[in-house]
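Here's the structure we're looking at; comments come further down.
The values are calculated or read from the model by the stated rules, or taken from the named source; none is laboratory data. Computed from a prediction, not measured in an experiment: that's the story for all the values here. Cβ: placed from backbone, ideal geometry, glycine included. Neighbour counts: every protein chain shown.
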Amino acid sequence: MIDPKSIAAAKPILSLSQLSCSFNSAGRASSCSYCADPQAELERNVCPRCGSVHALRDVSLEVYPGEIVGIVGESGSGKSTLMRCVCFDQPANSGAVTTSLVDDGQTNLLHCSPRQKRQIRNTLFGMVYQNPYLGLRMDLSALSNIAEQMIASGCRNVEQMRQRGHALLERVNIPLSRAGDAPRLFSGGMQQRVQIAKALSNNPPILLLDEVTTGLDLSVQATVLDLIMQLRRDLEISMLIVSHDLRVIRMLAQRSYVLLNGRVVEHGLTDQILEDPQHCYSQQLVHSLL
Ligand SMILES: Nc1ncnc2c1ncn2[C@@H]1O[C@H](COP(=O)(O)OP(=O)(O)OP(=O)(O)O)[C@@H](O)[C@H]1O
Ligand SMILES: [Mg+2]
Ligand SMILES: [Zn+2]
């Protein structure tokens, strides 16, 4: 793990700068002359004039090499939208996403061509979706799901894909006897673990995890959290982890950002936020843990 003191010296491996994303009723980017102003007063995240939902407003954050950064916030605060903007599933209205791994952080990835985005997505980011149906092909076997991801990043060697697939499934504790089964036959915890295996298949330097443990039994949650902690120990991988559950963030993330109605209302060392939350919403979150 990175030493907080060295953070100032290191370059962020992932940086979001003033990212904004809003939707009209058709799900398209939208704003009016009133809500185009970042300071405009909204009703939670909705523009009182045009009704656009502002899922993200001027969000800036950094992930440093080897760090696990948490994003915590209530339902609807914009957490999944943030993840989807970073991995290009969702176009942002404005702002920048950069990584020190592309042009030394000088290129706004959001302005890259669709082909470049696909390549970046397949080589730099491993994404684990909140909803496993978005991250997995439920009718293909677990092994084929992993192979598909490897093919997307240029691998053509079947034996290599099989071996890597088996190694990854073992790594996430899926018995090899189930490698040929379709994820729709798996439990929720197993589906999330197959998603993690798939996300790791190209050795991405950055892992994006959206509510990986939500909806799972406590004991199953514990096995997935354990797995993430093992990955942190064993691989040099930086992670952005989203959860509405501060307990999950407390366990995994050294630094965190608190999101409310699409805005970052507080960020810092997770322990410090837990001990001395500054924003009234963070205070509520922390008190709900007691
Ligand atoms: N495609 C879309 N079209 C319209 N509105 C959307 C779309 N995607 C998200 N939103 C809205 O953006 C806001 C943020 O949604 P998002 O899914 O990012 O929240 P979240 O923090 O991930 O919530 P949860 O904890 O429930 O997963 C919500 O008000 C949501 O209704
Ligand atoms: Mg979400
Ligand atoms: Zn508006």
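With among the aliphatic types (A, V, I, L, M), in a loop (DSSP other than H, G, I, E, B) and in contact (Cβ under 8 Å) with a residue 24 or more places away in the chain as the only criterion, which of Leu216, Leu240 stands out?
Leu216 is the lone residue from the list that is among the aliphatic types (A, V, I, L, M), in a loop (DSSP other than H, G, I, E, B) and in contact (Cβ under 8 Å) with a residue 24 or more places away in the chain.
Being over 30 Å from Ser31 (Cα atoms), surrounded by 21 or more Cβ atoms within 10 Å (Cβ to Cβ) and not aromatic (Phe, Trp, Tyr) narrows it down to one of Met161, Met190, Met138, so name that one. So that I can check it myself, show each step before the final result.
Working: Met161 fails: surrounded by 21 or more Cβ atoms within 10 Å (Cβ to Cβ); Met138 fails: surrounded by 21 or more Cβ atoms within 10 Å (Cβ to Cβ).
None of the others qualify; the one that does is Met190.
List the residue pairs whose Cβ atoms are under 6 Å apart, where the first residue sits in segment 174-192 and is under 22 Å from Ile228 (Cβ atoms) and small (Gly, Ala, Ser), the second is buried (at least 21 other Cβ atoms within 10 Å of the Cβ) and at pLDDT 95 or above, and the two are 6 or more positions apart or on different chains.
Hits for this filter: Ala179/Ala142; Ala179/Leu143; Ala179/Leu169.
Do you know which residues across segment 33-58 are more than 14 Å from ligand 1 (Cβ to nearest atom) and surrounded by fewer than 14 Cβ atoms within 10 Å (Cβ to Cβ)?
Once the filter is applied, which keeps residues that are more than 14 Å from ligand 1 (Cβ to nearest atom) and surrounded by fewer than 14 Cβ atoms within 10 Å (Cβ to Cβ), segment 33-58 yields Ser33, Asp37, Pro38, Gln39, Glu41, Pro48, Arg49.
Starting from segment 38-57, take each residue that is touching a residue at least 12 places away in the same chain (Cβ under 8 Å) and closer than 13 Å to Gly76 by Cβ and list its partners that are within 16 Å of ligand 2 (Cβ to nearest atom) and β-branched (Val, Ile, Thr), counting only C-beta distances under 8 angstrom and pairs at least six apart or across chains.
Asn45/Val53; Ala55/Thr81; Leu56/Thr81
Look through segment 193-223, keep the residues that are surrounded by fewer than 17 Cβ atoms within 10 Å (Cβ to Cβ) and small (Gly, Ala, Ser), and return whichever of them is modelled with the lowest pLDDT.
Restricting to residues being surrounded by fewer than 17 Cβ atoms within 10 Å (Cβ to Cβ) and small (Gly, Ala, Ser), the top hit is Gly215.
Please work out which one of (1) on the phi < 0 side of the Ramachandran plot; (2) touching a residue at least 60 places away in the same chain (Cβ under 8 Å); (3) within 15 Å of ligand 1 (Cβ to nearest atom) is the condition Gly78 fails and give its number.
(1)
Can you tell me which residue within segment 46-79, out of those that are more than 10 Å from ligand 3 (Cβ to nearest atom) and hydroxyl-bearing (Ser, Thr, Tyr), is nearest to His267 (Cα to Cα)?
If we take residues in segment 46-79 being more than 10 Å from ligand 3 (Cβ to nearest atom) and hydroxyl-bearing (Ser, Thr, Tyr), then Ser60 is nearest to His267 (Cα to Cα).
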